[in-house]
Amino acid sequence: MDRLKKLVSWNTNVYCNIWLVDSIKDEFFTTFSCGNWSRRNNKNITSFLPGGDYRDGIVTNEFGPDLAMQMGFYLGLQYTFVIGNCTNTNCDTDGDGICDTPPASGPGNGCAGYRNSCSSDTLSGFSKDMPDLDSNFMSFSGSCTNSFTEGQAAKMQKTLNEVRSIMISGNKCDPPCSENINVSFTRNNWLPSVGDMIQFNSTSSGGTNFQWTVNDQPVGSNSPDYSQSFNQVGNYKVSLRVFNSNQQCFASYSDSVIVGCGVMARFYPDKRIIASKDQVINDSILFTNRSVNAMSYQWWMSSDSSMPAQIISIAYNLNQIFSTPGKYSIWLVAANNGCTDTTGKFNFSVIDPTVDAVIGLGDVECFEQTKIKVSFQVCNHGYAPIPAGTPVSFYEGDPLTDTAKILDTVYLLPSAIQGSCCASFERILNVGRSGLNRLYAVINDDGSSIPVKFPNNSLPESNYTNNIAVAENFQFKAKINPPSATVEYGDTLQLLASGSPGDVYSYLWSESQGLNCTDCANPVFTAGKDNTSEKVMITSSYHCIDSALTVIKIPPVDDYTIHIDSMICAGNNRVLYAFTVENEFKLGIVPNGLMVSFYEGDPHSDTAHLLKPVVALQTDNQKKQISYTGFIDGVVPGNFVAVVNDSSLPAPLTLPSDSLFLEKDYSNNSDSFNYAPFSVFISPSDTTVFRGSPVPLHFAISGDQAISYEWSPSGSLSCLNCPDPIATANYSQQYELEVQNQYGCREKGYGRVNRVTGGRVSIPNAFTPNGDGRNDVFYVMGSQDIKIIRSFSVFDRWGMAVFQEKNVPANDPVFGWNGFQNGKPLLAESYVYVIVIDFKDGSEQVYKGSVLLIL
């Protein structure tokens, strides 16, 4: 190829040289698969060297899309694909280094339609996954290609600007003048020897003047034809410039004349890579001689495998069989009467074709409980075939140790496996027991010795490190997801049973409360109140059985609370209580037998007093809330605590150890109530008014509601069994109200109305104790100035005291004389009184006089 380029090469710093040839005898994308070679010849070869070497340019055997692709290579582009790779982390460096070409893992699909070989497109800014650019010149899609992307165009422009900017400087595509001159010429000898006369004839048009030069030196005359012989071996540049009257407006053409002795040595091989070795595979390369003017030939060869340079043939063509792998060089010397020419060295490789057997285990599954079904693949990484009958052995344990145990009989491959090819096989091994979970497979092993040592049969290999494969954890295993769970009572849990490896034939769940099916893969479990476990037995499609268990914890969900609704007096230190018990859990109920205790004082202290009786609730186990009433005797006012779910042991209380039913929260199991007795209060409780003034009486009740009222004393009250009577007495008096609630609890309240007169002191001089309710009592009346009657004495006519009181209030007949002595009425006559009164102003006064008792 270099010799071709030397024939003619324009200035590579200014021009892109394109050489059009009949064919290119190289190879690319050469592959070997399943015993067959695939060899493809290039249509184009591109070189673009920064220094502008004469070899810089494109060699092609056709124009069109392939030439456009080579021009892309010339200007710095790469294929839009990377074989088997979709990496797209950085689009400036990954793939073809162009960000607007989506990644692809292989050549385009030609004209057959779009494909999408990578899914990593969005990593470089594409909004969605894009199809491969099959129409792009750099996609290697063939005749359907017709475009470059904007990113590719920018890359080519950058290459020109940075590597060969002189190619686009100036106006190289503009004609230098208006004259249309075309220049070319022919010659009659394309392979001249020293001294040969060569005739050059112009085929130009548009010009009348001709200037011939050899190696840029003017020769000949102003003539369209020129002839010359060359006396020395060399490479001569012959040029023709054609112009009219203006020598600055011209066209030129150059040709390289290679002058030698007349002989040119040439050849080409039919293959550029082979695999060959004696006693394995013998392959050959045919070297076709295309030398010119030669009469004798010497084929020379050397290698890196101890073969020095030497002549191996003097035949015209060479068909060489290679017995030893290595890196070889071959060249041809052609001669004719002392004139010789030598080709450049052709370097090629002969690969070692020796078998390289590799085994891999695929699906390994339990079979009928005591057997193993094995799918395995044998690949040949060599070039020579692996023969039929090659042994494969299976072991329990590492075959490279003396503890390994061979399983069943040795398997013999039923057919040959060609080079660079794979084949799949299947076998059922009779293990004789269940539970084997590690299996070793060994290719090219006849099972004759343990531990295994290679080689141990007649088939040699290039590599024995890949002859063993191992599979683990292939026993059929049942699984339940989740393997454990914690759920609340009433919740549902989806159980997912599975078995692997392989397919499942059947499922069988243990009989259990809460499952909606027992022969399905994914039953729904509904939680009860107790912890449980669910077991499934799974049978594979190969009749292997395994079971799995899931443990389901159901923590206490019930949460009992109590509220004391009321504590009401029921008489004689007896209390009627009412409380409400509720289960706060959304699906909970109040169970039969749940205990409720009442304590006087803090039940968590040892000073608390447990009251009797303790209540054991009687329920139908259906309600989440119930209300209850009952009586407790011997209750005095104070703070009481009710506790639900209490075993009623003596204080102090310790939950949950003292509880009978499990709960999730024991902090809300009690409620306190400050019990106040049933009481009545009269308003006004103590007031002072003038005699005869009406005074409305009112009352207030605590601890309950009254259902009956009874006022006393009668006489001065407007009513006795109404809520609000009016008192109209002329003297001071204490009033009493007795009330009763619906449970028979009776209580009394008192209120006093003090009556005063308008004068400072008023003492009657007569009274009539005849029981008619009018003027029956002799007592002191007066104003509010009276603090107290310190002493009040009455004497008969003999001076004997018949009545005495001390430190009593005025205006109250209760503290006056009713005309009796020692319970007997006295005679109607006049009596003497002596009264000592203290006043609020601090003064004291003695009142003496007589009063007439009238019957």
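The table below lists the values:
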quantity: Output for the range 461-474, where each listed residue is buried (at least 20 other Cβ atoms within 10 Å of the Cβ) and among the polar types (S, T, N, Q); calculated: 467
quantity: Strands (runs of 3 or more DSSP E) wholly inside the range 504-579 containing at least 3 residues that are surrounded by 16 or more Cβ atoms within 10 Å (Cβ to Cβ) and among the β-branched types (Val, Ile, Thr); calculated: 532-540, 545-553, 560-569
quantity: Checklist (1) open to solvent by less than 80 Å² (accessible area, probe 1.4 Å); (2) modelled with pLDDT of 90 or more applied to residue 603, failing item; calculated: (2)
quantity: Selection count where residues are in contact with a His (Cβ under 8 Å, 6 or more places away or on another chain) and buried (at least 16 other Cβ atoms within 10 Å of the Cβ), scope the range 363-378; calculated: 2
quantity: Residues being surrounded by fewer than 13 Cβ atoms within 10 Å (Cβ to Cβ) and in contact with a strand residue (DSSP E or B) (Cβ under 6 Å, 6 or more places away or on another chain) - total across the range 210-222; calculated: 2
quantity: Matching strands (runs of 3 or more DSSP E) fully within the range 235-302 where at least 3 residues are loosely packed, with under 15 Cβ neighbours inside 10 Å; calculated: 283-289
quantity: Identity of the residue in the range 143-159, β-branched (Val, Ile, Thr) and over 20 Å from residue 62 (Cα atoms), that ends up modelled with the highest pLDDT; calculated: 149
quantity: Selection count where residues are touching a Gly at 6+ places or on another chain (Cβ under 9 Å) and surrounded by 17 or more Cβ atoms within 10 Å (Cβ to Cβ), scope the range 303-332; calculated: 2
quantity: Strands (runs of 3 or more DSSP E) fully within the range 761-855 counting 2 or more residues that are of a type in the set (D, E, K, R); calculated: 786-795, 801-808, 844-853
quantity: Per-region count, the range 150-171, residues under 53 Å from the mean Cα position of the chain (by Cα), without any contact (Cβ under 8 Å) to a residue 12 or more places away in the chain and more than 15 Å from residue 73 (Cα to Cα); calculated: 2
quantity: Filter result for residue 652 (touching a residue at least 40 places away in the same chain (Cβ under 8 Å), open to solvent by 30 Å² or more (accessible area, probe 1.4 Å) and not aliphatic (A, V, I, L, M)); calculated: yes
quantity: Residues within the range 628-649 that are touching a residue at least 60 places away in the same chain (Cβ under 8 Å), closer than 16 Å to residue 597 by Cβ and part of a loop (DSSP other than H, G, I, E, B), tallied; calculated: 3
quantity: Strands (runs of 3 or more DSSP E) (entirely within the range 23-114) containing at least 3 residues that are open to solvent by 50 Å² or more (accessible area, probe 1.4 Å) and at pLDDT 90 or above; calculated: none
quantity: Among residues of the range 715-738, those that are free of Cβ contacts under 8 Å to residues at least 60 places away in the same chain and in contact with a Lys or Arg (Cβ under 8 Å, 6 or more places away or on another chain), counted; calculated: 6
quantity: Number of the condition not met by residue 625 [criteria: (1) free of Cβ contacts under 8 Å to residues at least 40 places away in the same chain; (2) in contact with a Ser or Thr (Cβ under 9 Å, 6 or more places away or on another chain)]; calculated: (1)
quantity: From the options 472, 461, 488, 534, residue that is within 32 Å of the chain's Cα centre (by Cα), under 30 Å from residue 387 (Cα atoms) and of a type outside the set (A, V, I, L, M, F, W, C); calculated: 472
quantity: The range 589-600: number of residues that are assigned to a loop (DSSP other than H, G, I, E, B) and either free of Cβ contacts under 8 Å to residues at least 40 places away in the same chain or open to solvent by 30 Å² or more (accessible area, probe 1.4 Å) (or both); calculated: 3
quantity: In the range 190-232, the residues that are within 23 Å of residue 250 (Cβ to Cβ) and assigned to a loop (DSSP other than H, G, I, E, B); calculated: 203, 204, 206, 207, 208, 215, 216, 220, 221, 222, 223, 224
quantity: Subset tally (residues that are out of contact with any strand residue (DSSP E or B) (no Cβ under 6 Å at 6 or more places or on another chain) and at pLDDT below 90) for the range 611-620; calculated: 2
quantity: Residues (in contact (Cβ under 8 Å) with a residue 24 or more places away in the chain and either open to solvent by 60 Å² or more (accessible area, probe 1.4 Å) or in a loop (DSSP other than H, G, I, E, B) (or both)) located in the range 115-128; calculated: 117, 118, 119, 120, 123, 125, 126
quantity: Condition check for residue 458: at pLDDT below 95 and open to solvent by 60 Å² or more (accessible area, probe 1.4 Å); calculated: yes
quantity: Which listed residue is among the aliphatic types (A, V, I, L, M), open to solvent by 20 Å² or more (accessible area, probe 1.4 Å) and over 30 Å from residue 568 (Cα atoms), from 794, 761, 756, 851; calculated: 761
quantity: Tabulated pairs, the range 177-192, first charged (D, E, K, R), second assigned to a loop (DSSP other than H, G, I, E, B) and open to solvent by 40 Å² or more (accessible area, probe 1.4 Å), C-beta under 7 angstrom, 6+ apart or interchain; calculated: 179/206
quantity: Unmet criterion (only one of (1) within 30 Å of residue 490 (Cα to Cα); (2) in contact (Cβ under 8 Å) with a residue 60 or more places away in the chain) for residue 583; calculated: (2)
quantity: Contacts under 6 angstrom Cβ, first residue in the range 429-446 being on the phi > 0 side of the Ramachandran plot and surrounded by 15 or more Cβ atoms within 10 Å (Cβ to Cβ), partner part of a loop (DSSP other than H, G, I, E, B) and at pLDDT below 95, 6 or more apart; calculated: 444/459
quantity: Residues satisfying the stated conditions in the range 395-409, i.e. part of a loop (DSSP other than H, G, I, E, B) and open to solvent by 50 Å² or more (accessible area, probe 1.4 Å); calculated: 398, 400, 402, 403, 408, 409
quantity: When residues of the range 656-681 are limited to those that are of a type in the set (S, T, N, Q) and open to solvent by 50 Å² or more (accessible area, probe 1.4 Å), the one farthest from the chain's Cα centre (by Cα); calculated: 674
quantity: Test: residue in the range 731-751 that is touching a Pro at 6+ places or on another chain (Cβ under 9 Å), at pLDDT below 90 and outside any strand (DSSP E or B); calculated: yes
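Matching residues to (1) under 29 Å from residue 352 (Cα atoms); (2) at pLDDT 95 or above; (3) more than 47 Å from the chain's Cα centre (by Cα):
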site	(1), (2), (3)
392	yes, yes, no
406	no, yes, no
412	yes, yes, yes
423	yes, yes, no
430	no, yes, no
441	yes, yes, no
453	yes, no, yes
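The values are calculated or read from the model by the stated rules, or taken from the named source; none is laboratory data. For clarity, every value in this text was computed on a predicted model and none was experimentally measured. Glycine also receives a Cβ, built like all others from the backbone with ideal geometry; neighbour counts cover every protein chain displayed. Protein only, heavy atoms only, side chains kept; ligands, DNA and RNA dropped before computing areas. Shrake-Rupley method; radii C 1.70, N 1.55, O 1.52, S 1.80 Å.
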